[in-house]
Amino acid sequence: MPCSHCSGIGHNYVTCPNLTREQIQEIKEKKKQKKLLLLQKREEKIKAQLEKDKREKASKMREYKIVNDNMYEVVVYWGWMSEEIQRSGSNGLTKGELRRVLYIPPMEDRIIKSNHLHRIVIFPTLEVLDPANPLGAYSYLINHQEDESRFKVFDMDLVNYPDTNIEVKREYTEPKSELEQWKEVALKSNFLLTQIAKITGGGKNKKFELIEPFIDMVKDIKIPEHGEEDKERAGVPSSLTNIT
Ligand SMILES: [Zn+2]
């Protein structure tokens with residue numbers, strides 16, 4: 001092999017008579033750097049390949065069987081796992097955004113296709129009713145994993161869920177509608193007021209003269225038509241209450 005510096009025969013650059021000791025050191029250092037760089041590049045390539053393999057494995061679609069083991073309907077939502085959102089502002093959905101997939105009636109099951117880049121969240125339908133769509137749940141919804149403001153029966157990044165059978169069962173009390181809440185407050189308040197009126201003899205007693213004008217107003221409160229079951233629900237005595 002001829003010398004890499006002067007192409008002379010019988011020596012190499014380390015022993016080249018045309019180079020100073022400093023120059024030789026410099027060339028040595030350069031070669032070393034070059035080798036390091038190559039090693040680094042190779043390592044990066046291997047890493048990228050491993051990452052690609054991992055992603056391919058994760059994005060393999062699997063069939064998940066979701067069993068609704070409840071007496072209420074549930075609705076299944078789909079989103080990206082948060083890591084995936086951070087990756088590249090993924091595919092139209094922002095962090096925590098969910099898209100409705102399907103409804104599952106009480107005690108029934110459905111199959112969905114999903115992969116390990118996805119997050120699956122399941123709510124009772126009544127928990128996510130869309131006021132603009134009285135018969136259905138929101139088509140899109142923002143809900144982060146740590147968000148407990150809506151009752152959930154399931155919330156998982158599927159990468160952390162090795163099984164493909166998702167059985168959901170969780171005790172749930174339906175939320176009261178706004179009307180039901182007002183009925184309850186009204187009937188409770190009215191019950192208390194009429195009790196006070198009764199106990200104070202309508203405020204006619206001298207002892208109660210200070211509150212008599214208010215007691216008089218109680219009978220002017222018109223409670224809209226309601227049934228015994230409304231009273232029962234509001235927790236005030238009704239004809240349905242067992243009287244012993
Ligand atoms: Zn030489």
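Equivalent-ellipsoid semi-axes (√(5λ), Cα gyration tensor) for the chain, whole Å, largest first? List each step's numbers first, then the result.
Values: eigenvalues 1220, 123, 33 Å².
Semi-axis lengths for the chain are 78, 25, 13 Å.
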The long-range amide H neighbours of Val101, using H built 1.01 Å from N in the peptide plane and a cut-off of under 5 Å, are Val76, Tyr77, Trp78
Return the sequence-ordered ³J(HN,Hα) values of region 98-105 in whole Hz as given by the Karplus equation 6.51 cos²θ - 1.76 cosθ + 1.60 applied to θ = phi - 60°, using x for Gly and Pro. 10, 10, 5, 9, 6, 9, 10, x
Calc'd 3J(HN,Hα), region 159-170, phi into Karplus 6.51 cos²θ - 1.76 cosθ + 1.60 (θ = phi - 60°), Hz, glycine/Pro = x, comes to 4, 9, 10, x, 6, 10, 10, 10, 9, 10, 8, 7
Long-range amide H partners of Ala137 with built H, under 5 Å: Asp130
Obtain the nm distance between the two label points defined at Lys95 and Asp220 by a simple spin-label model: each point lies 7 Å from its Cα along the Cα-to-C-beta direction. 5.7
Cut-off 10 angstrom, C-alpha nodes, Gaussian network model of the chain. Which of Ser189, Ser82, Ser114 fluctuates the most? Ser189
Sort Phe123, Phe151 by accessible area with a 1.4 Å probe, largest first. Phe151, Phe123
Radius of gyration, Dmax [region 133-172; alpha carbons; angstrom]: 12.6, 36
Value of D in µm² per second that Stokes-Einstein yields for region 24-125, Kirkwood Rh from Cα pairs, at 20 °C (1.002 mPa s): 125
Using the Cα centre of region 178-234 as origin and beta-carbon charges of +1 (Lys, Arg) and -1 (Asp, Glu), tell me which of Leu187, Ile223, Pro213 is placed farthest towards the positive end of the dipole. Pro213
Please enumerate, by chain and number, the lysines with C-alpha under 16 Å from the C-alpha of Lys176, excluding those fewer than 8 residues away in the same chain. Lys188, Lys231
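Rank these by accessible area, largest first, 1.4 Å probe: Asp163, Asp216, Asp155. Can you show the working numbers first?
Details: Asp163 80, Asp216 55, Asp155 35 Å².
So the residues, ranked largest to smallest area, are Asp163, Asp216, Asp155.
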So what is log10(I(q)/I(0)) for region 62-168 at q = 0.10, 0.20, 0.23 1/Å, when the Debye sum runs over its Cα atoms only? -0.26, -1.05, -1.35
With +1 on each Lys and Arg Cβ and -1 on each Asp and Glu Cβ, and nothing else charged, work out how big the dipole of the chain is about its Cα centre, in Debye to the nearest 20. 1880
Picking from Val75, Val185, Val14, which is most flexible by a Gaussian network model of the chain using Cα springs under 10 Å? Val14
Mind checking the dipole of region 62-168: about its Cα centre, +1 per Lys or Arg Cβ, -1 per Asp or Glu Cβ, Debye to the nearest 20? 380
Diagonalise the Cα gyration tensor of region 178-234 and give the resulting equivalent ellipsoid semi-axes, square root of 5 times each eigenvalue, largest first, whole Å. 26, 10, 9
Quick one: grab Rg to one decimal and Dmax as a whole number for region 13-57, Cα atoms only, in Å. 18.2, 58
Which far-off residues, 5 or more places away or on another chain, put their amide H under 5 Å from the one on Ile166, with H placed in the peptide plane? Lys65, Ile66, Val67
Whole-Hz couplings from phi, Karplus 6.51/-1.76/1.60, listed for region 223-228; x for Gly and Pro: 8, x, 3, 7, x, 5
Towards the positive end of the charge dipole of region 96-244, with charges on Cβ (+1 Lys, Arg; -1 Asp, Glu), say which of Phe151, Ile199, His116 has the farthest Cα. Ile199
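The values are calculated or read from the model by the stated rules, or taken from the named source; none is laboratory data. Everything quoted here is computed from the prediction, not taken from an experiment. Every residue, glycine among them, receives a Cβ derived from its backbone with ideal geometry; neighbour counts consider all protein chains shown. Only protein heavy atoms, including side chains, enter the accessible area calculation; ligands, DNA and RNA are left aside. Shrake-Rupley method; radii C 1.70, N 1.55, O 1.52, S 1.80 Å.
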